[in-house]
Amino acid sequence: MSTRYSGDRVRRGLLHFALGKAVSATCGFLAMVLVVRALPVEQFADYSILVALIEVVTAISGFGISHALLRYVPELYAKHYTSALRQFVLWTILLRSAALLLVVLIVYVTSSASAPFLGLSEALDAFKVYLLVVVFRIASHFLSQILESTLHQSIAQLGFSVASVLRLLGMLYLINQGDVQLVEIIWVEVVSDAACMLIMLAGVG
């Protein structure tokens, strides 16, 4: 087996994975507790629908690109096919981004019609802003697959941890201000997920 997948690198990857998950899970849980406590029932129901939108868009915009990524990136990386790996990663990122942006653009253009169908007629502005979260979070997850498949767990978990910490700090700030609104919580998630995606993108680069 290539030294790129040596036992030592696997052990360090598992350590980074465990530490990163501990931080992101703890901060993420505390942030969600604050969201539940801050929002009235109606707005939390809207928020739950918006969160589910991520899974829907992920499924629609996937086109099997992630499966190809997980199949070929480790093989190219292990065999030191540097040029082929760079080209493959570049094209998968471009194709995944194009598919994701196309789906989100369609959702945005049709948001006035689709929001009432989803029960979000009173949260149209929040619905539109949340599409930024959808883009950043799906992109972050896709980039993390590249990093994790090459055992760069430290960068991937750093991105997720930073996002969770920023989300928790943002929620603490909003609650301290009082009278928290759904769209404010969404903007906190936009910032935290954007930071996560930038860290992932830098790591892949």
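The values are calculated or read from the model by the stated rules, or taken from the named source; none is laboratory data. Keep in mind it's a predicted model, so treat the numbers as computed, not measured. Positions of Cβ are backbone-derived with ideal geometry, glycine not excepted, and every protein chain shown enters the neighbour counts. Each accessible area value is taken on the protein alone, full model and side chains, heavy atoms only, with ligands, DNA and RNA left out. Shrake-Rupley method; radii C 1.70, N 1.55, O 1.52, S 1.80 Å.
Please go through the stretch 175-184 and give me each residue that is assigned to a helix (DSSP H, G or I) and touching a residue at least 12 places away in the same chain (Cβ under 8 Å), ordered by number.
Passing the criteria: 175, 182, 183.
Each row is one residue, and each column tells you yes or no for (1) free of Cβ contacts under 8 Å to residues at least 60 places away in the same chain; (2) part of a helix (DSSP H, G or I); (3) open to solvent by less than 20 Å² (accessible area, probe 1.4 Å); (4) among the β-branched types (Val, Ile, Thr).
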residue	(1), (2), (3), (4)
165	no, yes, no, yes
169	yes, yes, no, no
173	yes, yes, no, no
186	no, yes, yes, yes
189	yes, yes, yes, no
192	yes, yes, yes, no
196	no, yes, yes, no
199	yes, yes, no, yes
203	no, yes, no, no
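In the stretch 40-81, which residue that is in a helix (DSSP H, G or I) and of a type in the set (Ser, Thr, Tyr) is most open to solvent (accessible area, probe 1.4 Å)? Lay out the reasoning, then the answer.
Within the stretch 40-81, the first condition is being in a helix (DSSP H, G or I), and the residues that meet it are 41-62, 65-78.
Narrowing further to those that are of a type in the set (Ser, Thr, Tyr): 47-48, 58, 61, 66, 72, 77.
Details: 47: 9, 48: 53, 58: 48, 61: 0, 66: 32, 72: 103, 77: 28 Å².
Per the stated criteria, the residue is 72.
Hey, does the stretch 82-92 have a residue that's open to solvent by 30 Å² or more (accessible area, probe 1.4 Å) and under 21 Å from the mean Cα position of the chain (by Cα)?
yes
What number goes with the only condition from (1) open to solvent by 90 Å² or more (accessible area, probe 1.4 Å); (2) assigned to a helix (DSSP H, G or I) that residue 9 does not pass?
If we test residue 9 against (1) open to solvent by 90 Å² or more (accessible area, probe 1.4 Å); (2) assigned to a helix (DSSP H, G or I), just (1) comes out false.
Return yes when residue 113 is over 24 Å from residue 163 (Cα atoms) and among the aliphatic types (A, V, I, L, M) and no when it is not.
Yes: the conditions hold for residue 113.
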